[in-house]
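Shown next, in structure tokens, is the structure this report addresses.
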Amino acid sequence: MIGKCLVFLMVFLLGTKAIVNAQDLVKGKKLYETRCLVCHQADGGGVPNMNAPLDGSSNVVGNNIARLVRIIKNGYSEKIALDGYYYNNVMTPNPDLKEADIANVLSYVRTSWSNKASKITLAQVQAALKKK
Amino acid sequence: MKQLKNILLLLTIAVSFSLSAQNNAGLKLPEGFKATLFADTIGSARHITITSNGVIFAKLMYPNKAGKSIIRLEDANMDGVADKITGWANYGGTGIYVKGKDLYATSDNDVYLYQLNEKDEVINPLSPKTIVKGLIAKNQHASKSITLDGQNNVYVNIGAYSNACQEKDRIKGSKGMMPCPILDSAGGIWKFDGKKENQVYGDGKRYATGLRNVVGLDWNTKTNSLFVMQHGRDQLNSFYPEYYSDAQSAELPAETMYELHDGDNVGWPYVYFDPYQKKKILSPEYGGDGKKEGGENAINPTVFFPAHMAPNALLFYTGSQFPEKYKNGAFIAFHGSWNRAPLPQEGYFVAFVPFKNGKPSGEWEIFANGFSGLSGDEKVMNPRKAKSRPCGLAQGPDGSLYVSDDARGSIFKISYSK
């Protein structure tokens, strides 16, 4: 009986976690649409020679999470070479974004379109911002 | 077997060429016009220019796979398709302009001059003269477009390395700088002596100011004056949602054509041109609210177009192959928008404006469409989906119009016959 209850409790907890994650992605998508879409486009494809693509980008699905967090927070104003192409438009900084917002939007872009990378947790964002 | 393969290959090529001729290389054109795919996948072809012998030179934004950034194309057998393609130089850029046997080409910092021989082959590919050097290039709007007047003066666009001259570029809430310090060395057209070597800023003259970025420009030989197409500012709605909706931001500001004279001011960053109010409106970074007017000393556009279509080339048609209506009129290559998102993108076509006595004499119209390669009337939603993006224009000695494209790297040849 206790065992059954435990299993039930675990399933319940896991389920809640999944729901929370799904909500995070919804929030991330919403943020993407208001802050990122105009440049990076609805399909994450960016704009040739100007705005770097997020879909299929080795940077976006890569393991350097700290770099991604910093770019979202501080913007980027250098010409960037990415996967054999160059992009030269300015990336607008987002100094007002909360840590949880950054985790949500990063999770959204890393799991959208053809991207199948891991989601980003609040702890990862906090660690990245501490690094500097 | 090998022979059969070769025959099949030749057949395939022949069929695809004739198909391309039948369907006008995928372009939609007015009646009587035909297009061929003059060249394909040559690299990111920005501007093009043609000699009196009909030899085309294209400037590539980046060196192509062979490491060349100036491409020479010749159609020796005159079938509308380039059959002799060579190249040289290894620096990216946009500007290229030929005058007689003088071939000017630009990097993002410099203007170079090459010499052509009688066959329009380059004599000094490795040792061009440096005409202008050390121009500002800070990634954004860094490309240098050029044209020449009748007196060997070269006009160079030096784009503003900023969207609206904010203290912090493209940051919500950051104010516009007053006066805008960028205008001293960028955000305008500079005039230099086309024959003098090693000129720097001090040797040239700021011919016109208050232009955010110009890519398409042409010297009009009828009015004997310079015409330019400005790329209007971005992101009104991203930074000022209180004044502009998505829909308004997608339609503001107009893309504008100006006739420029020495000393003219177009008004960037302080104002932009609103195509609905038909007025110069104070930029929100400078206290505007979408209604307040400004720019008392700034000139008005000669023609205005819908927003964000990115006019990348301008050409006044002086040939006699096209019907009378086109004589002395302006062709504009619209590279196609990106910042109308989330709404469908616009542009990706070549437009035409009729001119009479040096002034526009009718409404603008789409001349050549279908560059995106999308079916029917489907709009480009995401720029990377567009197969071709018109970027350069040139008029052949026989009056044909050539259009270059920096996405797929093709050149289209458009001709007319009754």
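The values are calculated or read from the model by the stated rules, or taken from the named source; none is laboratory data. Quick caveat: nothing in here was measured; it's all calculated off a predicted structure. Cβ atoms come from the backbone with ideal geometry, glycine included; neighbour counts cover every protein chain shown.
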- Can you tell me which residue within segment B:111-125, out of those that are in contact (Cβ under 8 Å) with a residue 12 or more places away in the chain and among the hydrophobic types (A, V, I, L, M, F, W, C), is nearest to B:Leu60 (Cα to Cα)? B:Val111
- Of (1) in contact with a Gly (Cβ under 8 Å, 6 or more places away or on another chain); (2) in a loop (DSSP other than H, G, I, E, B); (3) closer than 30 Å to B:Arg170 by Cα; (4) touching a residue at least 40 places away in the same chain (Cβ under 8 Å), B:Gln140 fails just (4)
- Item | Residue satisfying all of: in segment B:168-190; within 14 Å of chain A (Cβ to nearest Cβ) and of a type in the set (D, E, K, R); farthest from the chain's Cα centre (by Cα) among these | B:Lys172
- Query: Of the numbered conditions (1) part of a strand (DSSP E or B); (2) surrounded by fewer than 17 Cβ atoms within 10 Å (Cβ to Cβ); (3) of a type in the set (A, V, I, L, M, F, W, C), B:Ala247 satisfies every one except a single condition; which is it?
  - Reply: (1)
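Among the residues of segment B:289-328, write down those that are β-branched (Val, Ile, Thr) and either within 27 Å of B:Tyr402 (Cα to Cα) or under 16 Å from the mean Cα position of the chain (by Cα) (or both).
B:Thr302, B:Val303, B:Thr318
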- Query: Considering B:Ala407, B:Ala394, which residue is in contact with a Pro (Cβ under 9 Å, 6 or more places away or on another chain) and surrounded by 15 or more Cβ atoms within 10 Å (Cβ to Cβ)?
  - Reply: B:Ala407
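Answer yes or no: is there a residue in segment B:37-47 that is of a type in the set (A, V, I, L, M, F, W, C), touching a helix residue (DSSP H, G or I) at 6+ places or on another chain (Cβ under 6 Å) and at pLDDT 95 or above.
yes
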- Item | Hits in segment B:164-195 - residues which are closer than 23 Å to B:His47 by Cα and outside any strand (DSSP E or B) | B:Ala186, B:Gly187, B:Gly194, B:Lys195
- Query: Tell me, which residue of segment B:329-349 that is of a type in the set (A, V, I, L, M) and within 14 Å of chain A (Cβ to nearest Cβ) is farthest from B:Ala407 (Cα to Cα)?
  - Reply: B:Leu343
- Message: Of everything in segment B:185-194, what is surrounded by fewer than 22 Cβ atoms within 10 Å (Cβ to Cβ) and touching a helix residue (DSSP H, G or I) at 6+ places or on another chain (Cβ under 9 Å)? Give them in sequence order.
- Response: B:Ser185, B:Asp193
- Note on the structure: The correct count of residues that are surrounded by 21 or more Cβ atoms within 10 Å (Cβ to Cβ) and either within 14 Å of chain A (Cβ to nearest Cβ) or part of a strand (DSSP E or B) (or both) in segment B:123-136 is 2
- Residues satisfying the stated conditions in segment B:35-86, i.e. within 14 Å of another protein chain (Cβ to nearest Cβ) and either part of a loop (DSSP other than H, G, I, E, B) or surrounded by fewer than 24 Cβ atoms within 10 Å (Cβ to Cβ) (or both): B:Gly43, B:Ser44, B:Met61, B:Tyr62, B:Pro63, B:Asn64, B:Lys65, B:Ser69
- From A:Val69, A:Val61, residue being surrounded by 20 or more Cβ atoms within 10 Å (Cβ to Cβ), within 15 Å of the chain's Cα centre (by Cα), farther than 23 Å from B:Ala310 by Cα and more than 10 Å from chain B (Cβ to nearest Cβ): A:Val69
- Near pairs, Cβ below 7 angstrom, 6+ apart or cross-chain, from segment B:341-369 (farther than 18 Å from B:Leu226 by Cα) to any residue that is among the β-branched types (Val, Ile, Thr) and surrounded by fewer than 18 Cβ atoms within 10 Å (Cβ to Cβ): B:Phe349/B:Ile366; B:Ala351/B:Ile366
- Query: So A:Leu54 fits all but one of (1) at the interface with chain B (Cβ under 10 Å from one of its Cβ atoms); (2) farther than 25 Å from B:Tyr240 by Cα; what number is the exception?
  - Reply: (1)
- Message: Based on this model, can you work out whether B:Phe322 counts as part of a strand (DSSP E or B) and either more than 14 Å from chain A (Cβ to nearest Cβ) or closer than 30 Å to A:Ser57 by Cβ (or both)?
- Response: no
- Task: Search segment B:137-177 for residues being touching a helix residue (DSSP H, G or I) at 6+ places or on another chain (Cβ under 7 Å) and among the charged types (D, E, K, R), and hand back the single one that is surrounded by the fewest Cβ atoms within 10 Å (Cβ to Cβ).
- Result: B:Lys175
- Note on the structure: Within segment B:108-122, of all residues that are of a type in the set (Asp, Glu) and more than 14 Å from chain A (Cβ to nearest Cβ), the one farthest from B:Lys68 (Cα to Cα) is B:Glu118
- Quick one: which of A:Ser112, A:Ser77, A:Ser107 is closer than 19 Å to A:Arg35 by Cα, out of contact with any helix residue (DSSP H, G or I) (no Cβ under 9 Å at 6 or more places or on another chain) and surrounded by 17 or more Cβ atoms within 10 Å (Cβ to Cβ)? A:Ser77
- Name every residue in segment B:119-150 that is modelled with pLDDT of 95 or more and more than 21 Å from B:Ile50 (Cβ to Cβ), in order of residue number. B:Leu126, B:Ser127, B:Lys129, B:Thr130, B:Val132, B:Lys133, B:Gly134, B:Leu135, B:Ile136
- Could you say whether any residue in segment A:1-9 is at pLDDT below 90 and not in a helix (DSSP H, G or I)? yes
- Query: Which residues, counting only those in segment B:248-276, are at pLDDT below 95 and touching a Leu at 6+ places or on another chain (Cβ under 7 Å)?
  - Reply: B:Ser249, B:Ala250, B:Leu252
- Message: Quick check on my filter: what residues within segment A:85-125 are facing chain B (nearest Cβ under 10 Å) and closer than 30 Å to B:Met61 by Cα?
- Response: A:Tyr85, A:Tyr86, A:Tyr87, A:Asn88, A:Asn89, A:Val90, A:Met91, A:Thr92, A:Pro93
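Okay, residues lined up against (1) of a type in the set (Ser, Thr, Tyr); (2) within 14 Å of chain A (Cβ to nearest Cβ):
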| residue | (1), (2) |
| --- | --- |
| B:Tyr201 | yes, no |
| B:Tyr243 | yes, no |
| B:Asp246 | no, yes |
| B:Met257 | no, no |
